[in-house]
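Presented below is the structure to which this report refers.
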Amino acid sequence: MLIPDVVLAIGERMTYQESFQTRTSGRGTFDITREVEQIVTCSGISSGICHLFIHHTSASLVLCENADPSVRTDLERFMARLVPDGDTMFEHTMEGSDDMPAHIRSILSKMDLTIPVTNGRSGLGTWQGIYLWEHRTRPHSRMVTVTVMGD
Amino acid sequence: MLIPDVVLAIGERMTYQESFQTRTSGRGTFDITREVEQIVTCSGISSGICHLFIHHTSASLVLCENADPSVRTDLERFMARLVPDGDTMFEHTMEGSDDMPAHIRSILSKMDLTIPVTNGRSGLGTWQGIYLWEHRTRPHSRMVTVTVMGD
Amino acid sequence: MLIPDVVLAIGERMTYQESFQTRTSGRGTFDITREVEQIVTCSGISSGICHLFIHHTSASLVLCENADPSVRTDLERFMARLVPDGDTMFEHTMEGSDDMPAHIRSILSKMDLTIPVTNGRSGLGTWQGIYLWEHRTRPHSRMVTVTVMGD
C-alpha cells in the first residue's frame, strides 16, 4: 500500500493545470504575472516549466518590461502602425475595422508562452512581466490555461 | 515484479513523440489540427502539454481563426506586404526572390508551438486551428514532430 | 529500499535545468546551439523537450538558417527597417535610441523557445541553428535557462 502512494505522489507533482478568466477593458496590455505566480505556488512544483495558453485568436500573451508604463504604450503605438485598423487590404471585416488586425497582431505576438520554474517560483527576469494583450477595441472576457510541469 | 510494471507505466505515459510529413502545394496555410488531435489521442495522456516543431527555416506553425478562409488570405496578403519577395535589401537570394523572405516570415511566425492537453484532447479554443504555414512559393515536403507530455 | 531508488531515478530523469551566461558584443545574432546540445547531453534525457528562456526584455532567442551568414545580416537589416532606432514615435528613450526598439524586437522574435529532444539529442533540422539575438547596440551579459524534460 505504500508503493501506490509514492507513485501517485510523483504523478501528481508532474502536471498541474488550472484556467482563469480575465476581463479586459478593450485594447491594451494587462498584467497577469501575479495570477501566474499563484498558480506556480499552488502546483507545488519546484523545478520545471510553466506553460501559458490563451484560447482566443484576437488576444495574445507576451513578456514585456514591467517598470515604465510608457514601454507598453509605445508597443501599442508601434503595433497600431504596423497593422492598421481599417486597412483596405483586409476582406475579413465582419466584426469591424479591428477584426482582422486583431488576428494578425495575435499571430505576431503569439498565443502561447512558456517560462521556467526554478526553486518553486517562475524564473522571470527582474524586468519581465507577463501580459495578456487584448487586440480588440472593445472589452472581452479571456480564458488562459496554465500548465505547470516538473518535479 | 509488480513494482517495475507500475513504474514503467508512469514512464511511458510521461512522454509520447511522433513525427509526420506534410506535402505543401506552395505558399499558404495548411490545416494540421486533425493530425495533431490524433497524436494527442494516441499518446493516452490526459493532462499536460503538446509541443509542435517544424524542422525547417522557411515554414512555420501558427494558431489561426478556423472559420472564415478570408482570415488566412488576409494574413497571407499582410505578410507579403511586410516582407516583400524580391526586396533589393536582401543579399541572400540563392534560391530565388522568396528565399530570404521565407526565412524572415518563419522567424516572425515561429517554428515551435505548444498547446495544452486537457481531458485527453488538445485544449484549443473554439475558433483556433493549427496551421502549417509554407513560406516558399513552390511545393515542399515538411516534417513536424509532436511531443505530448503529462499524466 | 529498492523502491525509493527507482522512484527517485524517474524523478531525476524528468527535469534537468541549467543556466548559462553569454557575453554579447552588441547588436547581432550569437550561435548558442553547441551550449544547448551539451546541456541536452548532460540531462541524460532521451525523448522529450528542451525549453530555452532568456531572462531579459531586450534580447531574444530564435531559430535561423545556419549555413549562409548573409541570412543573419539580411535578418538584422530587415529588423532595423521594421523597428527603426530613434523613431520619434517612442517616448521610452531613457537608455538611448535603441532602448524601445530593443523591447519591440524582443517581443516580435520572442524570449522563449522549445525544441524537441529525440534519441538524446536536440531534434533540430539540418539547417536550423539556435541564436541569441542581442537587440541593444552595446555589449551585454545575457542569462539563458535551459530546462530539459522527458524520459
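One table, with the values for the structure above:
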| item | result |
| --- | --- |
| Search result, residues across the stretch B:97-128 that are open to solvent by less than 30 Å² (accessible area, probe 1.4 Å) and farther than 19 Å from B:Leu52 by Cα | B:Asp98, B:Asp99, B:Met100, B:Pro101, B:Ala102, B:Ile104 |
| Leading residue by the ranking (nearest to the other protein chains (Cβ to nearest Cβ)) among those in the stretch C:104-130 that are within 30 Å of C:Phe90 (Cβ to Cβ) and in a loop (DSSP other than H, G, I, E, B) | C:Met111 |
| Pairs with Cβ under 9 Å, 6+ apart, first in the stretch C:131-143 and among the small types (Gly, Ala, Ser), second surrounded by fewer than 24 Cβ atoms within 10 Å (Cβ to Cβ) | C:Ser141/C:Gln21; C:Ser141/C:Thr22; C:Ser141/C:Arg23; C:Ser141/C:Thr24 |
| Odd one out for B:Met94 among (1) within 8 Å of another protein chain (Cβ to nearest Cβ); (2) buried (at least 21 other Cβ atoms within 10 Å of the Cβ); (3) farther than 23 Å from B:Ile45 by Cβ | (2) |
| Listing of strands (runs of 3 or more DSSP E) fully contained in the stretch A:26-91 that carry 2 or more residues being in contact with a strand residue (DSSP E or B) (Cβ under 8 Å, 6 or more places away or on another chain), over 30 Å from C:Gly150 (Cα atoms) and open to solvent by 40 Å² or more (accessible area, probe 1.4 Å) | A:28-31 |
| Residue in the stretch C:131-142 that is nearest to C:Ser58 (Cα to Cα), counting only those that are in a strand (DSSP E or B) and open to solvent by less than 20 Å² (accessible area, probe 1.4 Å) | C:Glu134 |
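The values are calculated or read from the model by the stated rules, or taken from the named source; none is laboratory data. Small disclaimer: the values here were computed from a predicted structure and weren't measured. With ideal geometry, Cβ positions are generated from the backbone for all residues, glycine too; neighbour counts draw on all protein chains shown. The accessibility values were calculated without ligands, DNA or RNA, using every heavy atom of the protein model including side chains. Shrake-Rupley method; radii C 1.70, N 1.55, O 1.52, S 1.80 Å.
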